[in-house]
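Q: Before anything else, here's the structure in question.
Derivation of every value follows stated rules applied to the coordinates shown; laboratory data play no part. Just so it is clear, the structure is predicted and the values come from calculations on it, not from any experiment. Virtual Cβ from ideal backbone geometry, glycine too; neighbours counted across all protein chains shown.
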Amino acid sequence: MGPVHRLPPLTALRAFEAVARKLSFARAAEELHVTKAAVAQQVRALEQEIGVPLVARSGRGLALTEAGAAGAPGLAEGFAVLARAARAMREAKGRRFLVINSSPSFAATWLVGRIGRFKGRHPEIDVLLDANPIDDTLDSGTADALIRWGAGDFAGLATTLLFKENVFPVCSPDLLGGDNPLRSPEDLARHTLLHLEWSSAYPSWPAWSDWLKAAGARSVEARHGVFFNNMAMAMRAAAQGQGVALSSLAIAADELAAGRLVAPFSTAVATPFGYYFLCRPDEAQAPRIKALRDFLVEEAALSAA
């Protein structure tokens, strides 16, 4: 096979397809659960492989070049075909899964611990939990339902709120005592702050500076500490006693219930965001979809309680 017909790396093609669809490195990175820099590097590698620019700056945003626009529709169709083929292989023996797609962090910290209970309640339903990034339209047919984080503006989908996102500090119970006990927000000045560094389409997500201002802890330096680009890693570091992290109920619920994390202060910063259960409107009352949605709404209420 000659160079003209050689297929570029799939990771680079996937990154460019997401950028072409979102017209944003940051939003593509959020969908693919990697950093903005990683997406930009993959697109540059693809441009070097193809030999022409595919993306250009346009004011404050991005635009596809002629070459990029020529390839984007085919790539979108191709990845949809691959996804459908993978699902067909899973269901080849007549076993039809109920496929729910979620981000890896939410799946790992909340969803995985509940799928077994759903299966116990509905033994006739086989569930496939898919944490691979897919488009939010459900048009490809690779998933039956999505759990997505956002402000609730999911056009064309039936939307059910699971959690509203309120942000508050969490830490290991060991940090409540010792030489530098956490008794007031000002005590955070003697502890390491764990930060979530991410590329989000929503710049209003609260940071430590926002929480410290709400708590009146003006003497605490908010810009220093340890930074993570994945919430699950930040939660693990907090549970190990490495510092204090900002979290939300959806992410920290099970760790709080198990006592591996505690919330040392009552102050929380409200956000306009939440986790939502999404499905196609014409399938919203399908028995399998309704059973899963009702179960997750019930579990979310129990976590909140």
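Q: Considering only the other residues whose Cβ falls under 13 Å of the Cβ of E298, what net charge follows from Lys and Arg at +1 and Asp and Glu at -1?
A: Details: positive: R114, R117, R121, K290, R293; negative: D294, E299.
Computed value for this residue: +3.
Q: As I understand it, the value is the acute angle between the Cα axis of helix 10-22 and the longest principal axis of the Cα atoms of the chain; what does it come to in degrees, rounded to 10?
A: Its long axis makes an angle of about 80 degrees.
Q: Looking at the chain, send over the antiparallel percent of its DSSP beta bridges, to the nearest 5. Before the final figure, lay out the partial values.
A: Details: 23 of 35 bridges.
Among the beta bridges of the chain, antiparallel pairing accounts for roughly 65 percent.
Q: Still on this model: Kindly put V52, V269 in sequence by how many other C-beta atoms sit within 10 Å of each C-beta, fewest to most.
A: Ascending Cβ contact count within 10 Å gives the list V52, V269.
Q: Once you have all Cα-Cα distances for region 149-305, histogram them in 5 Å bins from zero and send the whole-percent values.
A: 1, 9, 17, 19, 18, 13, 9, 6, 4, 2, 1, 0
Q: Nearest 500 deg cm²/dmol is fine: what mean residue ellipticity at 222 nm does the chain get from its DSSP H runs of n ≥ 4 alone, each adding -39,500 (n - 2.57), divided by its residue count?
A: Value at 222 nm, helices only, nearest 500: -12000 deg cm²/dmol.
Q: What number comes out for the charge environment of M231, summing +1 per Lys or Arg and -1 per Asp or Glu over other residues with Cβ under 14 Å away? Provide the component values of the computation, followed by the final result.
A: Details: positive: R236; negative: E30, E165, E197, D254, E255.
So the surrounding residues net to -4.
Q: What is the spread of the Cα atoms of the chain along each of their three principal axes, largest first, in whole Å?
A: Result, largest extent first: 67, 49, 32 Å.
Q: Got the relative contact order for region 97-305 handy, in percent, Cα pairs under 8 Å and 6 or more residues apart?
A: On the way: 360 pairs, mean separation 69.5, N = 209.
The value is 33 percent.
Q: How much net charge surrounds S24 when only other residues with a Cβ under 11 Å from its Cβ are counted (Lys, Arg +1; Asp, Glu -1)?
A: Counting the neighbours of S24, the net charge comes to +3.
Q: Another question about this same structure. Enter the angle in degrees (range 0 to 90, nearest 10) between the Cα long axis of helix 66-90 and the first principal axis of the Cα atoms of the chain, meaning the one along which they spread out most.
A: Taking the Cα atoms of the chain, the angle to 66-90 is about 80 degrees.
Q: Give me the base-10 log of I(q)/I(0) for region 3-89 at each q in 0.16, 0.18, 0.24 Å⁻¹, Debye formula, one uniform scatterer per Cα, rounded to two decimals.
A: Values returned for q = 0.16, 0.18, 0.24 Å⁻¹ are -0.61, -0.76, -1.27.
Q: Same structure again: Report, to the nearest 10°, how far helix 287-304 tilts away from the longest principal axis of the Cα atoms in the chain, using its own Cα long axis and a range of 0 to 90°.
A: Approximately 20 degrees, to the nearest 10.
Q: Within region 180-271, which trypsin sites (Lys or Arg not before Pro) sit in a loop by DSSP and count at most 12 neighbouring Cβ atoms inside 10 Å?
A: R183, R218, R223
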